[in-house]
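Scroll down for the structure; my scribbles are underneath it.
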Amino acid sequence: MENPDSVQKLHTQMRLWEFPSQYVIEPIDGSSCSALAVSRKDGSTMLIDEIPECRTLRVPKIYTIYGVAGILRLLSGSYLVVITGRECVGSYLGHPIYKVSSLKVFPCDCSLNNTSTEQKKTEMEFSGILNVAEKTTGLFFSYDANLTLSVQRLNELGEESRLLPLWRQAEPRFLWNNYLLEVLIDNKLDPFLLPVVQGSFHHFQSAIGKDIIDITLIARRCTRRNGTRMWRRGADSDGYVANFVETEQIMKLNGYTGSFVQVRGSIPLPWEQIVNLTYKPKYELLKHEEAPRVLERHFLDLRKKYGAVLAVDLVNEHGGEGRLCEKFGSTVQNVANNDVRYVHFDFHHICGHVHFDRLSILYDQISDFIERNGYLLLNEKGEKMKEQLGVVRTNCIDCLDRTNVTQSMIGRNMLECQLRRLGVFGAEETICSHPNLDEKYKILWADHGDDISTQYTGTPALKGDFVRFGHRTIQGILNDGWNALMRYYLNNFCDGTKQDAIDLLQGHYIVSMNRDKPPSSQNQGLEAIISFPLAMGLVLTGFFSAIMSLRQVRFDFRHLFFSLIWASISVGIAAFVKANGRIFCNRPQLHKPRC
């Protein structure tokens, strides 16, 4: 094991020099460490002691950066990803936490000058996808705290492990830049290896009588099956599910620390939706024979990491959701035992659109599991008084809206249990008894839900008004309608490229000469020229022409014939679009979805 005393601190502020042949990253945080030089030809790295002199008339551009997220290798060039903006959003276990406010990609692609035209074109298509990557939201980091581990797992680390560099301590599945850091890790550049997580971080302080309580809510998104709403569904063959998020609620009061972890994730079966311009594409179960093995792997992994598992399934019993619900319920019986329990709760049927208070029915069904498996509680000395022995796994279809309402209800009940344990709350006292605490707590979970939803769908969460205010509002219902329409637009016309950017950054798709070119380079025939705006333009033009011809019928009967022709053309094009909706959508080009 590496000697802890030799570990260098992460650089907190740097200056990036853009020279013609290299980028030089110079620490300016008071450390006396060497600068990092990154070749603009091949992305290779080396430490240098001095900033080189500029030998051209062109003055080098200089940027202030706050971290190196990593280096991505594409076909012929490499791309340096750095953090150019940060915002302090609070502290975690006494250490400042920062949110990435801007990310920038610097190309190291001078070698392209000596490549073929076809290779240049392909490289440009790949690098163009990285423009989307610069808009990645919900990234957080700390120079001193390990954000990838819960308080309980941090408490279980040995003293030597805690002194290792943060990237060595990190949980790989929650390390957003795990793949990007590989080049820097290979070159042992520890002071530049900044772990970044994607998710959410919110906190507040409130008074309970004479006591001050500090509440923090952290979400950690898993990178194993990361992606966008429609293009990442269900589970892969290893049991990793889409939109898997670990949410930790941390309470600090009078020197005591309490932690409670919940998880969410897609239904752990192989299933998907084919995006085809319909508002709600059909749910389709895949590889029926593999479903039991996939689900078993998923729950085995959860048990290893969290202990006992309570799976709360919130999907509808009828329709397309009903088929998934039935398959999930029947398959999970193969692994159900004392450590794995399944509970179905038809959220929409029981709660409708406004009666979310009926979630108390669900809590009555699961309260025994929650009370038995508990939460983590540390005393003033950091000694463990109680530990969490199991986890509640919640899912709906997207694991967003219904899930967030339910998790906030469970988190609220658990916080009240912790406060009663510490003697701060009486037997019948609740968070609602303290209006200021209640209001801030609702906002905390609403903001948390919006963050996770934005990363997965591009819009804030639906039903957020209930989480934020405790009841449904007219404005909230109107916002839900607008956000639902925005989700439809983004899912159909934007998320394919976003999915490609995620797959490149996370290493789900590794570029090489032996792999196929991006399908955008291969599109032939109709798909090469067709587009939804073009089709809609033709439809609208046809209907406009038909209407104009009808207006002329009273002057010349022949216009009725032309009107019918234009109307037929419009209807024909509209029918073609409906029948072939999938080819009009913005689909991922790297991992080809089933057609």
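The values are calculated or read from the model by the stated rules, or taken from the named source; none is laboratory data. Given the structure is predicted, the values throughout are model-derived calculations rather than measurements. Don't worry about glycine lacking a Cβ; one is built from the backbone with ideal geometry, like all the others, and counts go over all protein chains shown. Ligands, DNA and RNA are excluded from the accessible area calculation, which covers all protein heavy atoms including side chains. Shrake-Rupley method; radii C 1.70, N 1.55, O 1.52, S 1.80 Å.
Quick notes
- Once you reduce segment 240-313 and segment 443-494 to the center of their Cα atoms, the two points are 20 Å from each other.
- Rg over Rh, two decimals, the chain (C-alpha only, Kirkwood Rh): 1.01
- Förster radius 45 Å - calculated FRET efficiency between Asn436 and Asp346 (Cβ-Cβ, nearest 0.05): 0.80
- Kyte-Doolittle mean at least -1.0 and Cα axial length at least 27 Å: DSSP H helices in the chain: 401-421, 474-493, 532-551, 558-579
- Approximating the spin labels as points 7 Å out from Cα along Cα→Cβ, the Glu159-to-Glu118 distance works out to 6.3 nm.
- Separation of the Arg421 and Gln475 label points, Cα + 7 Å toward Cβ, nm: 3.7
- The residues neighbouring Lys99, those whose beta-carbon lies less than 9 Å from its own, together hold a net charge of 0 under the Lys/Arg +1, Asp/Glu -1 convention.
- Taking GluC sites (Glu not before Pro) as exposed when DSSP calls them loop and at most 16 other C-beta atoms lie within 10 angstrom, the chain has its longest site-free stretch at 135-316.
- The apolar share of the surface of the chain, taken as the fraction of accessible area on carbon and sulfur atoms (1.4 Å probe, ligands and nucleic acids excluded), comes to 53 percent.
- The alpha-carbon positions of segment 135-181 define a convex hull whose volume is 88 Å³ per residue.
- Alpha carbon convex hull of segment 81-179, projected area averaged over orientations, nm²: 8.2
- Using the 1.4 Å probe convention, the accessible area of the chain works out to 45 Å² per residue with neighbouring protein chains retained.
- Within segment 332-354: backbone nitrogen closer than 12 Å to the Leu389 label point (7 Å, Cα to C-beta): 339
- For the residue pairs Lys99/Lys280; Lys327/Lys463; Lys210/Lys252; Lys41/Lys61; Lys120/Lys188; Lys280/Lys305, the C-alpha atoms sit more than 23 angstrom apart in Lys99/Lys280; Lys327/Lys463; Lys120/Lys188; Lys280/Lys305.
- The calculated P(r) of segment 261-406, using every Cα pair and 10 Å bins from 0, goes 10, 37, 33, 14, 4, 1 in percent.
- Virtual spin-label span in nm between Lys304 and Lys381, 7 Å along Cα→Cβ: 3.5
- Extended-chain gain in nm, criterion 0.36 nm per residue less alpha-carbon gap, Ser102 and Arg551: 156.1 nm
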